[in-house]
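Please read the structure below before turning to the comments.
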Amino acid sequence: MTDATNPLLEPPSLPYGLPDYRAIRPAHYLPAFRAGFAAHRQEIAAITRVRSMPTFENTIVALEQAGALLERVSHAFYTVSSADATPEIQAVDEQLAPLMAAHHDAIALDSALYWRVQQVYERRDEVELDAEQRYLVERHRREMTNAGAALDDEAKARLTLLNQQLSTLSNTFERNLLNDTNELAVVFDDAAQLDGLGTGELSAAARAAEERGLPGHYLLTLPLFTGHPALAQLRDRESRRRIMAASRARGARGNANDNRAVLAEIVRLRAERAALLGHPSHAAAVTADETAGSPEAVERMLRRLAGASARNAHAEREALQALVDSTEPEPFRVEAHDWAFYTERVRRDRYDIDTLALRPWFEAERVLRDGVFFAATALYGITFRERPELVAYHPDARVFEVAEEDGTPLGLYVLDLYTRDSKRGGAWMNPIVSQSRLRGTAPVVVNNLNVPRPGDGEPTLLTLDEVTTLFHEFGHALHGLFATVTYPHFAGTNVFRDFVEFPSQVNEMWILWPEVLDNYARHHESGEPLDPGIVERLRATGTFDQGHATSEYLAAAWLDQAWHRLSVDDAVDDVAGFEAAALADIGLDDPAVPTRYSSTYFAHVFSGGYSAAYYSYIWSEVLDADTVEWFRENGGLTRENGDRFRDRLLGVGGSKDPLAAYRDFRGRDAEIEPLLERRGLGS
């Protein structure tokens, strides 16, 4: 292979710089990465060889221009390695992990580059810089300092080794989890064992089994989180138990996919790295450069919420137990695998509503076009046109062109809805191309979900949770599409981790907004709208089961903090024992309310970007709940409101301190009371 035959090394030929995935093969990636590494190193060397004094133009702007090829190749590859990780792609990923870590350190720890950045930083008051430029200088200097650029050569060598080891271990964790999740998918021999599932869900389970070579059987794949959507429907208690047991066993079975030793070593190496950088723990190192500021601030919030959440969950469990005791011929103690099923029965009794029966009103295509897209058009004036001739990385991935109200092209939106064995669990947004005026690029963003594909000819009917996920991830997509910045460092969702969930959580508010719901919630056969009485009762359930939902989330957030507040001398040999002690410490050790993610399948923190930062969801939700109040106070779904939210928050990307951007939008700091009310945690 030569560079001339590698499509990743050719100038983009498709609209918006979309990679030509039809021409790209797994064998193209590593050579392209090596070329990207070499080009980036040459560009950095050209900066540090400059003999004149460092300036914003010859140092910071040049640094922002550097690495364009590597970024293009990286976005193309990591989109695929998350969403379609075939064995060939996994093999590339394993080889790439230490190479990428080493290259990152070669740039971030470059002493000559750091000196130049430091010089520009120290003289930033002596030159004319606009607000974005000044903030860019400050961020580069702080990020290089946090990365270890000020360390001596011996410490840098150790740091580089640690980063390479951590990169490899994180890759191993993710591979083990994907493999174990696939192996533990639960097979049922008889449809009677799945009594309670709808026709579409049964057909999806039959299709999944047939694709695994098990015709005549039914297979339920596991989502990333502990629970499973089917648990709310399955009448057979043993079927529920099997699903929950399989989910909680992932990464802890003593087989080749066991993640216990992997995560323990990740924790130890992260603690050592933090100490090398002058921090008492990895959590301290992470939060020092987030809006939270410290692990202690995170702990104060989590503990403030945990007590009330646990009490609410206890009351919810008592209600479930009373129902079991009064209705079951042979009563039993409510366990984790029973919670969702009996919660739905309590919901029906208390509110006369069955959320599972709403699926016929949530046909996926209608939710997308008449819900998600409709709300975005009403708020921001943007329009969407599917471009089937533009082929993405997998046949399931659909490409839409996004335009401003006046027809000005904005970017591309890619939706990859369905689950498959090669896709990691959960749901996410990522860029394929990031916007930058400096580089002349427009955004291309992807949303991935894991919705089971029904049988041929069957409609894709979503649960309310799946509708919520689609609106949530599209909020991230809007952030990526709308951020309009000069410098790629600030592009899209490149903001503080404990702020990044805020725009996506805000976008969830439109799910039950009257104009939006009435537009998309139509029966897929009759076209009838959802009964207004049901809608009102659905809104009335806002705080229902929030004790359970908040407790399982807080338990995971606290586990993340507990692991990452360990020092380098705190060895952990018993993962399960450590989890139990940590959850008891914060009062969230209820066996009927397991943590949303146990450590061995906690991909967010051991193979993703949320280590010591899973608290971000609830931290961002303070801003989110306060913003929802603002929209309600100011007329809701209007262009004026959308334009203000876009211009002052989404549009600035990472080019402004996020809390300053929030104050600019809201006129004050966020208040926590709307969150407490939403979660049923008020006094």
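A short reminder: the numbers here are calculations on the coordinates, not readings from a lab. Values in this document were obtained by computation on a predicted structure and should not be read as measured data. FYI the Cβ positions are ideal-geometry reconstructions off the backbone, even for glycines, and counts take in every protein chain you see.
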Can you give the direction-averaged projected area of the convex hull of the alpha-carbon atoms in region 421-485, in nm²?
5.7
In nanometres, what is the gap between the two model label sites at Leu464 and Arg142, each 7 Å from Cα along Cα-to-Cβ?
4.0
When the chain is fully extended, how far beyond the present Cα-Cα distance does Leu659 get from Ala315, taking 0.36 nm per residue of separation?
120.2 nm
Report, in debye and to the nearest 20, how large the dipole of region 588-645 comes out about its Cα centre when Lys and Arg carry +1 and Asp and Glu carry -1 on their Cβ.
220
Of all DSSP beta bridges in the chain, what percent run antiparallel (nearest 5)?
75
Taking Cα pairs closer than 8 Å and at least 6 residues apart, the relative contact order of the chain in percent is 16
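Take the Cβ-Cβ distance between Arg34 and Asp189 as r, set R0 to 51 Å, and report the resulting FRET efficiency rounded to the nearest 0.05.
0.55
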Unit charges at the beta carbon, dipole of region 557-656: most positive-side option, Ser620, Asn641, Gly577
Asn641
Roughly how many whole Å is it from the C-alpha centroid of region 234-285 to that of region 96-135?
34
Would you calculate the separation in nanometres between label points at Ala261 and Ala275, each defined as 7 Å from the Cα along the Cα-to-beta-carbon direction?
2.2
A chain fully extended from Thr638 to Glu211 at 0.36 nm per residue, minus the present Cα-Cα distance, gains in nm 149.1 nm
Where the eigenvalues come from the Cα gyration tensor of the chain, what are the semi-axes √(5λ) of the equivalent ellipsoid, largest first, in whole Å?
40, 29, 27
Multiply the residue gap between Glu328 and Glu126 by 0.36 nm, knock off their C-alpha separation, and tell me the result in nm, one decimal place.
65.0 nm
Local charge sum around Ala613 (other residues, Cβ-Cβ under 12 Å, Lys/Arg +1, Asp/Glu -1)?
-4
Kindly provide log₁₀ I(q)/I(0) values, in the same order as q = 0.09, 0.10, 0.14 Å⁻¹, from the Debye equation applied to equal alpha-carbon scatterers of region 98-256.
-0.57, -0.63, -0.76
Measuring from its Cα centre, region 534-573 shows a charge dipole (+1 at each Lys and Arg Cβ, -1 at each Asp and Glu Cβ) which, in debye to the nearest 20, is 360
Charge dipole magnitude, Cβ of K and R +1, D and E -1 - the chain, Cα centre, debye nearest 20
1140
Computed E for Leu512/Ala45 - FRET, C-beta separation, R0 41 angstrom, nearest 0.05
0.15
Would you please give the FRET efficiency between Ala403 and Arg648, computed as 1/(1 + (r/R0)^6) with r the Cβ-Cβ distance and R0 = 35 Å, to the nearest 0.05?
0.95
To the nearest Å, what is the center-to-center distance of region 150-229 and region 635-681, using C-alpha atoms only?
35
Using a 7 Å offset from the Cα along the Cα-to-Cβ direction at both Arg158 and Asp531, what is the distance between the two label points in nm, to one decimal?
6.8
Check each of the GluC sites (Glu not before Pro) in region 165-225 and keep only those in coil by DSSP with at most 15 other C-beta atoms within 10 angstrom; list them in order.
none
